[in-house]
Structure formats: structure tokens, C-alpha cells
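The values are calculated or read from the model by the stated rules, or taken from the named source; none is laboratory data. Everything numeric here is computed off the predicted structure, so don't read it as measured data. Cβ placement follows ideal geometry from the backbone for every residue including glycine, while neighbour counts extend to all protein chains displayed. Ligands, DNA and RNA are stripped out before the accessible areas are found, and what is left, the full protein with its side chains, is counted by its heavy atoms. Shrake-Rupley method; radii C 1.70, N 1.55, O 1.52, S 1.80 Å.
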Amino acid sequence: MSPLAVLILAIIVPSLQAKPTYYTAAVFEHTGTGSKNDSTADIVKKNLDFYKRAAEIARSKGADIIVFPEYGVLPYSDRKRMKPFLENIPNPLEIETTPCSSPDRYTDRPILYTLSCIAQYNSLYVVANMGDIQNCSRDPDCPSDGTYHFNTNVVFDRSGTLLVKYHKEHPFFEQGIDIPKGKQVPIFKTDFGTFATFICFDIVFKRITEIAQLPYVEGIAFPTMWINTEPQFVSTEYFQGWAMGNNVTLLAANRQVPMEASLGSGIFDGKKGALAYTLNPDGISKLVIAKVGRSGIPKISPDASITAITANATWEWTDDGKNIPDECSMTSGYPCQKETMLQNYTFVKLNKSYGDVEACNNGLCCKLSYTSYGLKENYYLGVFNGTYNVQNTYHWCEEECLLVRCEDQNGVVCSKFPLKSTTQFHTVFLRGNFTSDFVYPSVLSSDIRLVSTKYWQQNADKSIITHNYAGINYITVGLKGRCYNKDPPFRR
């Protein structure tokens, strides 16, 4: 071999070895623990002890990154209640710091210190949510208590060094939290790719989509406390659709609080859909792990697992969905919400076991073609086009087409959305004259299960087609168009 060939190989071979073909991701759905009678220190310690156990299990399964949920350590509350849980987080753009290696400097910041140590001891990238407190006494917009309170994600590398802090840009009825000024840089590099991080309600708006469209961003680490809202704002349904529509990996870690309808976490690999997820209202914390193929790498086996974690035990979780009730209610222990704009939808009932149905709303026309083995429950084609309004506080533009299992109540169409169905559909073809560039698909079957993408696809014209000769008991087949360019400015 010539000297030149040896030199070329010396350059090429290490570079090929340096780029792994996959990474292993973990997301932790945490119940949260501690009561109002516990001290701040006790609540923080109890929850961080869960985080430590989750990280140790993740490490034992080869994880490279772990994402913890929003409000997993601090309470979702008012300023007075939240303030003792907040810590002054340094700006990693101004100072490099590894809290775990500087315990004397972080004695009054146990959350930062412990998260850094979790990363360092387990050689993991850690993405976690906590509260940041910053003095603002010289700022004319400063709150009366002299400090800004931010809902914050922090990212640590494998050595425990703080890489990023990101302040939530779109708080959702969070009266104890302030809105940051200006755009931030929520991007961080790992030894297996480049990622960004956002928080919960941020995902509804354009900013996160702009970041996801950057060619070098492979994934989004996404702590959330997502409240499930029927029919098209269910956590895993929305997360998968968003990941597919942006063709980017979403690592979504939710809280598990069934009585607040907050649950549903997973690893969603762009157009491939869910690699692993959990949605089961049982009050048990769960760790979801899966291998994710790098961009441009052929599909690999995710080797997915779910581990249940309680204060006294851990075990492999294999029966997700078994605790889904027939419908959302307080008595069932899972009081999920209903979307607020349903009264502005156009609904057309399906009356035959097969056929073609069309409905229009404010210029958006949706067409449904379907075949079934007989409609045993009520199904409707629903259409909405306009400004989505949440309690006259938050507004954004949507175009929606959906086939949905629902029931009328007191003369109002689609007042209830049952979570189970026995109607078996053979094919569903749903399309609309969308103006939106981003149209997010959703396909749910009975018990709020994500239907495998081997049974459906979204076409280039944004239509969706499902196919299964054995039949699938859908509860929702939907297309959610987000007309970001028509959104009004975000205001609290």
C-alpha cells in the first residue's frame, strides 16, 4: 500500500468510527411525589431520588441521553409557592460550570448540583426542567418581588457540565412564571448529533418548528406537563404527528398525573413514528427507552423497553393501556379535557358501513372515503378552519379534518369522546384542501393506542390513507393543519 493510501485511511477510518449509527434515548414519565406538608428540601430530594434511579436504569440499558418531565421537581403553582424551589442558574454562554465538581459553590442549589451529578455519575446527557430565579431590580418591567421566575430546561453533558439553559417562551396559565425577552439559542451538541430543547406549550407555535427544520438538528428534547384533550390534543397522538410532520426525532417526557389528565410519553422518530411510548393512567412512573437510528441510517431495531418505577420496586412494564377507561370522567380517575372550539366545527354523521362523505368549514373542505365491517358506534367527519381560542387567552390558526368516534349529549353533537370502540374499519382515506405547509397526522385506535405506521401513511398531498384487511377499531383519524403564518402575536 502506498504512503498516500495509508494517509487517506488514517484520516477516513477514525472519522467513520467517530460517527455512531444510532444512539439510545430514555424519557422518564414521573408521577411526582411530596405533599404540601413536606418541606421544600424533602420534596426536592424525594423527586430527585426517583430521577437518580431512572438514570441508573437508563445507564444499565445503554442510554446516551435521558429527558425528565416538566414540573417534575418544582410545583405547578403561584409565585409564592414556587419561589423556594427556584435556583439561580448560571448562563452557560457566559461561564462554563460543572456543579457536581464544585459542590461548595452549589450548596444552596441542590437541584442543579444533583442533576449535574446524575449526568456525571452515569455518563449521560441529561435534559431536565426546573425553575430559574434572576434578580431584575434594575429592569423597569421587573415584577414587584424584584425577581424574574422562569420555567427552565437545563442540559448537562456526560461530565456534568451545563451546556444550555432555556426559558419557556410560551407559558400556559402559569401565573408563577415570567415570559423571557427575545429569542434564545436552545441548541446543543452531543457526541451523537445536534439537538434542541423546548417545553410543553412551545410545541404548538412556530418557533420550535423553525428550529426543527434546521438541517443539522436531529432531535428535540421535550419536557412537558401535557394535559390530554380530546380528540386531537392527546399527548402521544400530538407528539407523534408533530415529529412526523417535521421529520425530526422528539424525545417527549411527560408527567404522570391521571387526575389532571397529564400522561403520555415516548420516543418518536420522525416519519417512522413511535419507537416506544406509554399512555396508561395508573399513577406509576415509567422509563421509556429505545435505540434511535442516526439521520441517513437505515431503520434499526429500537430494542424498546418500558420500566415501571415506584418508591419500593422496579419491573418491566408490558401491558400499557390496560387502565384506559371507557370514557374520560372524574369517577374513572382520568378526567381528560375536551377541545374548546368544538362548537365551531362542522360535523357530518356517518350513516352507512361504507361510503364517501364531504364537509366544509370556512373554506376548508374535507373528504372522507371509508369501508368498515358495520358501524357499531357513532362516527362523524369533523371540519374546522379558523382561530383556535383557549379561554380567550391563547390563540392560533388551525385547519382540521378528522374522522372521530363521538356521542351526542343534550342535543349537542360530539359532546363526548369515548376511548374505546368495537367498530372495525377496513380502509379510511381522508383529505382536505389545506393551505397550511404543516399538516400533522394522527391515527388512534381503541384504548388510545397509536396505530402502527405499517397500517397507514400520509401522502405528499397531505392526505392520509389507512389499510388493514383484518380491520382496526379507530377512535380518531385526523389531519391537523397549523397555519403558523396566520397566528396572532403570543400574549399571556
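Identify, please: which residue in the range 151-167 is without any contact (Cβ under 8 Å) to a residue 60 or more places away in the chain and open to solvent by less than 20 Å² (accessible area, probe 1.4 Å) and is, among those, nearest to PHE68 (Cα to Cα)?
Going residue by residue through the range 151-167, those that are without any contact (Cβ under 8 Å) to a residue 60 or more places away in the chain are 156-158, 166-167.
Subsequent filtering for residues that are open to solvent by less than 20 Å² (accessible area, probe 1.4 Å) retains 156, 166.
Numbers: PHE156: 12, TYR166: 14 Å.
Across the range 151-167, the extreme among qualifying residues is PHE156.
Quick check, is HIS426 assigned to a strand (DSSP E or B) and more than 22 Å from SER463 (Cβ to Cβ)?
no
Looking at THR476, THR435, THR466 in this structure, which one is of a type in the set (Val, Ile, Thr), within 16 Å of TYR370 (Cα to Cα) and more than 22 Å from the chain's Cα centre (by Cα)?
THR466
How many residues, within the range 345-359, are surrounded by 15 or more Cβ atoms within 10 Å (Cβ to Cβ) and either in contact with a Ser or Thr (Cβ under 6 Å, 6 or more places away or on another chain) or in a loop (DSSP other than H, G, I, E, B) (or both)?
Of all residues in the range 345-359, those surrounded by 15 or more Cβ atoms within 10 Å (Cβ to Cβ) come to 345-348, 350, 353-354, 357, 359.
Narrowing further to those that are either in contact with a Ser or Thr (Cβ under 6 Å, 6 or more places away or on another chain) or in a loop (DSSP other than H, G, I, E, B) (or both): 345, 350, 353-354, 359.
Of the residues in that region, 5 qualify.
When residues of the range 414-441 are filtered for being open to solvent by less than 60 Å² (accessible area, probe 1.4 Å) and farther than 21 Å from TYR354 by Cα, how many remain?
Qualifying residue count, the range 414-441: 10.
Out of all the residues in the range 137-148, is one or more touching a Leu at 6+ places or on another chain (Cβ under 9 Å) and small (Gly, Ala, Ser)?
Taking the range 137-148 and keeping what is touching a Leu at 6+ places or on another chain (Cβ under 9 Å), we get 147.
In the following step, the residues that additionally are small (Gly, Ala, Ser) were identified as none.
No - not one qualifying residue is present in the range 137-148.
For the condition crowded, with 16+ Cβ neighbours inside 10 Å and part of a loop (DSSP other than H, G, I, E, B), what is the one hit in LEU368, LEU381, LEU375?
LEU375
Looking at the range 322-344, which of its residues are touching a Ser or Thr at 6+ places or on another chain (Cβ under 9 Å) and either small (Gly, Ala, Ser) or open to solvent by 30 Å² or more (accessible area, probe 1.4 Å) (or both)?
Let us first name the residues in the range 322-344 that are touching a Ser or Thr at 6+ places or on another chain (Cβ under 9 Å), namely 324-326, 335-342.
If the condition is that a residue be touching a Ser or Thr at 6+ places or on another chain (Cβ under 9 Å) and either small (Gly, Ala, Ser) or open to solvent by 30 Å² or more (accessible area, probe 1.4 Å) (or both), then ASP326, GLN337, LYS338, THR340 are the ones that fit.
Select from the range 202-227 the residues that are farther than 13 Å from VAL248 by Cβ and either in contact (Cβ under 8 Å) with a residue 40 or more places away in the chain or open to solvent by 20 Å² or more (accessible area, probe 1.4 Å) (or both) and list them in ascending order. Show your work before the answer.
Our first condition is that a residue be farther than 13 Å from VAL248 by Cβ; within the range 202-227, this holds for 202, 204-207, 223-227.
Those that are farther than 13 Å from VAL248 by Cβ and either in contact (Cβ under 8 Å) with a residue 40 or more places away in the chain or open to solvent by 20 Å² or more (accessible area, probe 1.4 Å) (or both): VAL204, PHE205, LYS206, ARG207, PRO223, THR224, MET225, ILE227.
Would you mention how many residues in the range 454-492 are of a type in the set (S, T, N, Q) and at pLDDT below 95? I'd like the intermediate steps shown before the answer.
So in the range 454-492, the residues of a type in the set (S, T, N, Q) come out as 457-459, 463, 466, 468, 473, 476, 485.
Right, trim to at pLDDT below 95 and you get 468.
Total meeting the criteria: 1.
Of everything in the range 30-75, what is of a type in the set (Asp, Glu) and in a helix (DSSP H, G or I)? Give them in sequence order.
Here is the first cut: in the range 30-75, the ones of a type in the set (Asp, Glu) are 38, 42, 49, 56, 64, 70.
Once the filter is applied, which keeps residues that are of a type in the set (Asp, Glu) and in a helix (DSSP H, G or I), the range 30-75 yields ASP42, ASP49, GLU56.
Could you tell me whether any residue of the range 255-265 is among the hydrophobic types (A, V, I, L, M, F, W, C), open to solvent by less than 10 Å² (accessible area, probe 1.4 Å) and over 12 Å from the mean Cα position of the chain (by Cα)? First the steps, then the outcome.
Of all residues in the range 255-265, those among the hydrophobic types (A, V, I, L, M, F, W, C) come to 257, 259, 261, 263.
Filter once more, so that each one left must be open to solvent by less than 10 Å² (accessible area, probe 1.4 Å): 261, 263.
With the extra rule that they be over 12 Å from the mean Cα position of the chain (by Cα), the set shrinks to 261.
Checking the range 255-265: at least one residue is among the hydrophobic types (A, V, I, L, M, F, W, C), open to solvent by less than 10 Å² (accessible area, probe 1.4 Å) and over 12 Å from the mean Cα position of the chain (by Cα).
For LYS291, are the conditions met, namely being over 26 Å from PRO171 (Cα atoms) and among the charged types (D, E, K, R)? So that I can check it myself, show each step before the final result.
Working: over 26 Å from PRO171 (Cα atoms): yes; among the charged types (D, E, K, R): yes.
Spelling it out, LYS291 is indeed over 26 Å from PRO171 (Cα atoms) and among the charged types (D, E, K, R).
Select from the range 119-150 the residues that are outside any strand (DSSP E or B) and in contact with a Phe, Trp or Tyr (Cβ under 6 Å, 6 or more places away or on another chain) and write down the one among them that is surrounded by the most Cβ atoms within 10 Å (Cβ to Cβ). Before you say what the answer is, go through the steps one by one.
Let us first name the residues in the range 119-150 that are outside any strand (DSSP E or B), namely 119-124, 136-146.
After this cut, where a residue has to be in contact with a Phe, Trp or Tyr (Cβ under 6 Å, 6 or more places away or on another chain) as well, the list is 119, 136.
Values: ALA119: 30, CYS136: 16.
Per the criteria, the residue is ALA119.
Just the residues that are in contact (Cβ under 8 Å) with a residue 24 or more places away in the chain and open to solvent by less than 20 Å² (accessible area, probe 1.4 Å), please, taken from the range 442-455. Write out each step before concluding.
Residues of the range 442-455 that are in contact (Cβ under 8 Å) with a residue 24 or more places away in the chain, as a first pass: 442-450, 452-453.
Those that are in contact (Cβ under 8 Å) with a residue 24 or more places away in the chain and open to solvent by less than 20 Å² (accessible area, probe 1.4 Å): SER442, VAL443, LEU444, SER445, SER446, ILE448.
Restricting attention to the range 16-32, which residues are open to solvent by 50 Å² or more (accessible area, probe 1.4 Å) and either touching a strand residue (DSSP E or B) at 6+ places or on another chain (Cβ under 7 Å) or more than 21 Å from ASP269 (Cα to Cα) (or both)?
Kept after step one, since they are open to solvent by 50 Å² or more (accessible area, probe 1.4 Å), are these residues of the range 16-32: 16-19, 21-22.
Of everything in the range 16-32, those that are open to solvent by 50 Å² or more (accessible area, probe 1.4 Å) and either touching a strand residue (DSSP E or B) at 6+ places or on another chain (Cβ under 7 Å) or more than 21 Å from ASP269 (Cα to Cα) (or both) turn out to be LEU16, GLN17, ALA18, THR21, TYR22.
Any residue in the range 170-187 that is of a type in the set (D, E, K, R) and not in a loop (DSSP other than H, G, I, E, B)? I'd like the intermediate steps shown before the answer.
The initial filter retains those residues of the range 170-187 that are of a type in the set (D, E, K, R), namely 174, 178, 181, 183.
Next cut, not in a loop (DSSP other than H, G, I, E, B) only: none.
There is no residue in the range 170-187 that is of a type in the set (D, E, K, R) and not in a loop (DSSP other than H, G, I, E, B).
Looking at the range 169-177, can you tell me whether even one residue there is open to solvent by less than 30 Å² (accessible area, probe 1.4 Å), closer than 29 Å to TYR23 by Cα and modelled with pLDDT of 95 or more? Spell out the reasoning first.
Narrowing the range 169-177 to residues open to solvent by less than 30 Å² (accessible area, probe 1.4 Å): 169-171, 174, 176-177.
Filter again for closer than 29 Å to TYR23 by Cα, leaving 169.
Applying the additional criterion that residues be modelled with pLDDT of 95 or more yields 169.
Yes; the residues of the range 169-177 include at least one that is open to solvent by less than 30 Å² (accessible area, probe 1.4 Å), closer than 29 Å to TYR23 by Cα and modelled with pLDDT of 95 or more.
Working only within the range 478-492, note down all residues that are in contact with a Phe, Trp or Tyr (Cβ under 8 Å, 6 or more places away or on another chain) and open to solvent by less than 10 Å² (accessible area, probe 1.4 Å). Before you say what the answer is, go through the steps one by one.
Looking only at the range 478-492, we keep the residues that are in contact with a Phe, Trp or Tyr (Cβ under 8 Å, 6 or more places away or on another chain), and these are 479-482, 484, 487-488, 490.
Correct list: LEU479, LYS480, GLY481, ARG482.
Tell me whether the range 253-275 contains one or more residues that are more than 23 Å from VAL155 (Cα to Cα) and hydroxyl-bearing (Ser, Thr, Tyr).
yes
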